[in-house]
2 protein chains.
Amino acid sequence: MNISNYIKQRQAQIETALQDSLPSGGTRPAILHEAMRYCVLNGGKRIRPVLVLAAAEPFGTPAAAALDAAVAIELFHCSTLVHDDLPCMDDDDLRRGMPTCHVKFGEANAVLTGDALMIHAFQMLAETGNTRLALELAQAAGSRGVIAGQVEDLAAEGQEPNAGLIEFIHINKTAILIRAAVRMGAIAGGAREDELENLGIFGEKIGLAFQIVDDVLDETSTEEVLGKPTGSDLKLRKMTYIAVHGMDAARARIKQLTTEAINALDMLQRETTALRSIAEYLVDREY
Amino acid sequence: MNISNYIKQRQAQIETALQDSLPSGGTRPAILHEAMRYCVLNGGKRIRPVLVLAAAEPFGTPAAAALDAAVAIELFHCSTLVHDDLPCMDDDDLRRGMPTCHVKFGEANAVLTGDALMIHAFQMLAETGNTRLALELAQAAGSRGVIAGQVEDLAAEGQEPNAGLIEFIHINKTAILIRAAVRMGAIAGGAREDELENLGIFGEKIGLAFQIVDDVLDETSTEEVLGKPTGSDLKLRKMTYIAVHGMDAARARIKQLTTEAINALDMLQRETTALRSIAEYLVDREY
């Protein structure tokens, strides 16, 4: 399998679905709908929705519910980025080289754009008619998931490195949503409970590995390679895996998590070449 | 029917359900869960959830799904208040005489508390197993509903009075969610499509009337009677029904909307004494 082509095809499918799912920029209020489109249709890598589609495929799913779930998880992810960039949070002016939402549309509209994207994600899931999809996203996204990770990440800035805390932040801020992406794809595909269990383990492990790779790249890569400024973790005094455990331990942990993720996949006894290749692709970025 | 007792009983039931629905204040991250409880368990009047329960009752519903829907709509409503109070929005320091969320817990935590409450609302609805409830809330809440109303309300500050604009703001910022409350109760109760239609009209009319009463009270009442500062619309240069149409027209419109609402109820040919009494109670505040 040429994983790079596989991902490109799925990205194109997701891009079209995202465009179709959002109200046109002229819909009243125009500024809100323009902002929603600006913050979603921005050339993102679509890692989470690609995982949704790849996790549905082993079950021979019809595309519709999986594609809706893929769109929903990306809309939710974009909503968190809009709020994370706010002046009272990470105070970022640029994302992917473009002005962030509050810089372009004002702070109040950025808060409301994030809210609208979040609600739109749950609307997409409600329209599938399957409440298990919304339940999966809500449990991963909420106060015991992504939002919990974000709260502790902000509180950790400038604090002493702490192994328990960095694990909590990485699991909740990143891994739990990647786990949800994989499980939502499998739910849309009609997976059994034991299969969901194994795919959940796969998703959490690659989610953690993905975040540690991000921490490594922030220290070792260049702005040219990453397409975003490096060293921002140090600047914001963010707690990273490297600050706590060092670079060698970080690289070893990435390898170990990838192995554990692929072991969980193998338990499935389904055709999961695409999921495995995506996992390897995600950790095999230049570091 | 003693409507005041009826409302008090339902409020008590909702209060208990809200308390039970929120994670305990000690759940990690403690500051987030404390903030969520602080912003919900604050002595609110619970108008929307009372309407959910009252709209379910004519259909002899079992309480469970209606109570979950009631909790969800109040959680969503509270999330919008937390975000509305932010410095970049209405910049309010006090709500019900207590410090607002960002004053007490910091601005970043207030953004995230609003997010968490919004997600929790959709989690409650997903747990009912009925996607129609989540669809109803999402459609009313999103970029073509409550969030649209909020965007245009902020943009209208300081602008010339405009009849079309004030109608758009009132419908979207207030009436659409009250309409959703009534419809969600009826959906949980198992109403037919034509019944939902009539109840939707009832909800929208009393929602609009309720907002115009609010505008009237902001100009005519006192802080002692309302329990909140009056004249804030003038101070913020908010566009109100009175600024556009004058006080006499406002009072006439409230009467007309109430009549239309009750006519829509009468079409139902169900036992709707409670809904009618709540409608009268909502517009019969001191003005």
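In the stretch A:13-29, of all residues being closer than 12 Å to A:L41 by Cα and assigned to a helix (DSSP H, G or I), the one that is nearest to the other protein chains (Cβ to nearest Cβ) corresponds to A:S21.
Among the residues examined, B:L75 does not qualify as assigned to a loop (DSSP other than H, G, I, E, B) and buried (at least 21 other Cβ atoms within 10 Å of the Cβ). Of the residues screened, B:D115 is one that is in contact with a helix residue (DSSP H, G or I) (Cβ under 7 Å, 6 or more places away or on another chain), at the interface with another protein chain (Cβ under 9 Å from one of its Cβ atoms), assigned to a helix (DSSP H, G or I) and surrounded by 22 or more Cβ atoms within 10 Å (Cβ to Cβ). The sole residue among A:P29, A:P49 that is over 19 Å from A:I178 (Cβ atoms) and either crowded, with 19+ Cβ neighbours inside 10 Å or touching an Asp or Glu at 6+ places or on another chain (Cβ under 7 Å) (or both) is A:P29.
Among the residues of the stretch B:78-100, those identified as in a helix (DSSP H, G or I) and either within 9 Å of chain A (Cβ to nearest Cβ) or farther than 21 Å from A:G106 by Cβ (or both) are B:C78, B:S79, B:T80, B:H83. Would you be able to say whether some residue in the stretch B:162-177 is within 16 Å of A:H120 (Cβ to Cβ) and out of contact with any Ser or Thr (no Cβ under 6 Å at 6 or more places or on another chain)? Scanning the stretch B:162-177 turns up at least one residue that is within 16 Å of A:H120 (Cβ to Cβ) and out of contact with any Ser or Thr (no Cβ under 6 Å at 6 or more places or on another chain).
One residue alone among B:A35, B:A66 is away from every other protein chain (no Cβ under 14 Å) and either of a type in the set (A, V, I, L, M) or without any contact (Cβ under 8 Å) to a residue 12 or more places away in the chain (or both), and that residue is B:A66. Looking at A:R179, A:R183, just one residue is within 20 Å of A:L51 (Cβ to Cβ), without any contact (Cβ under 8 Å) to a residue 40 or more places away in the chain and surrounded by 19 or more Cβ atoms within 10 Å (Cβ to Cβ), and that residue is A:R179. Counting only helices (runs of 4 or more DSSP H) that sit completely within the stretch B:199-285, those holding 2 or more residues that are among the β-branched types (V, I, T) correspond to B:241-245, B:247-266, B:273-283. Just so you know, in the stretch B:31-86 the residues that are among the basic types (K, R) and under 15 Å from the mean Cα position of the chain (by Cα) include one that is modelled with the lowest pLDDT, and it is B:K45.
Restricting the first member to the stretch B:118-143 and to residues that are closer than 22 Å to B:P23 by Cα and at the interface with chain A (Cβ under 7 Å from one of its Cβ atoms), and the second to residues that are among the β-branched types (V, I, T) and part of a helix (DSSP H, G or I), the beta-carbon pairs closer than 6 Å and six or more apart or on different chains are B:A126/A:T131; B:G129/A:T131. Can you find a residue in the stretch B:135-151 that is polar (S, T, N, Q), buried (at least 23 other Cβ atoms within 10 Å of the Cβ), under 30 Å from A:C88 (Cα atoms) and modelled with pLDDT of 95 or more? Within the stretch B:135-151, one or more residues are polar (S, T, N, Q), buried (at least 23 other Cβ atoms within 10 Å of the Cβ), under 30 Å from A:C88 (Cα atoms) and modelled with pLDDT of 95 or more. In the stretch B:191-198 there is no residue that is among the basic types (K, R) and either part of a helix (DSSP H, G or I) or crowded, with 20+ Cβ neighbours inside 10 Å (or both). Taking the stated definitions as given, is A:F210 within 14 Å of another protein chain (Cβ to nearest Cβ), aromatic (F, W, Y), under 26 Å from B:D115 (Cβ atoms) and within 18 Å of the chain's Cα centre (by Cα)? Spelling it out, it is not the case that A:F210 is within 14 Å of another protein chain (Cβ to nearest Cβ), aromatic (F, W, Y), under 26 Å from B:D115 (Cβ atoms) and within 18 Å of the chain's Cα centre (by Cα).
The values are calculated or read from the model by the stated rules, or taken from the named source; none is laboratory data. No experiment lies behind these values; they were computed from the predicted model shown. Because the Cβ atoms are built from the backbone with ideal geometry, glycine has one as well, and the counts that use them run over all protein chains shown.
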